[in-house]
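The numbers here are math on the coordinates, done by the rules we state, and not lab data. None of these values were measured; they are calculated from a predicted model. Reconstructed Cβ throughout: ideal geometry from the backbone, glycine too, with neighbour counts over all protein chains shown.
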Amino acid sequence: MHDRVMRTVPALLVLLCGSAAHAQLAIEWEAPLECPTRDAVHDEVRRLLGGTIPEPLDLRAHGLATRDADRWTLSLRTVMDGIGGQRVIEGDACEELGAAAALILALMIDPQAVVAAADPEPPPEPNPAALAHALDRP
């Protein structure tokens, strides 16, 4: 019965980033209590994008996470700029589904920003004098 207790968001919850006319990311999220919250998914989207959600944006998403025996399933429906899509993702843990949803949404918004935010800073260039000195040691 616990798995059937759903944290349901009754209406489409809109998170505005900037002016409503410019950027909108709306997430509706239904998931058992042990799953990430809608706010956690939104925060992960923002983190994956490097801390900001770009403008203009019109993205609406509805995620439904369910558990069947030991397997979790996420049905993620999206509408971006009037174009709809749907994905079904399975995982061993509900946290995986929340992370997958956030990654999908972030990649839909700006794949280059996701790659840039994931790339670590390049290592510093080696100092040729220090390298030569190190090679001269026995």
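Tabulated values for the structure
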{"quantity": "Förster radius 22 Å - calculated FRET efficiency between Glu34 and Glu96 (Cβ-Cβ, nearest 0.05)", "calculated": "0.95"}
{"quantity": "Shape of region 18-94, Cα gyration tensor, a/c cut at 1.5", "calculated": "prolate"}
{"quantity": "Length added when fully stretched, Leu103-Asn127, from 0.36 nm per residue minus Cα-Cα", "calculated": "4.8 nm"}
{"quantity": "Cβ-Cβ FRET estimate between Gln86 and Asp43, R0 fixed at 25 Å, reported to 0.05", "calculated": "0.60"}
{"quantity": "Additional length obtainable on full extension of the chain from Ala26 to Arg71, 0.36 nm per residue less Cα span", "calculated": "13.5 nm"}
{"quantity": "Segment Val79-Asp58, extension gain: residue separation times 0.36 nm, minus the distance between their alpha carbons", "calculated": "6.8 nm"}
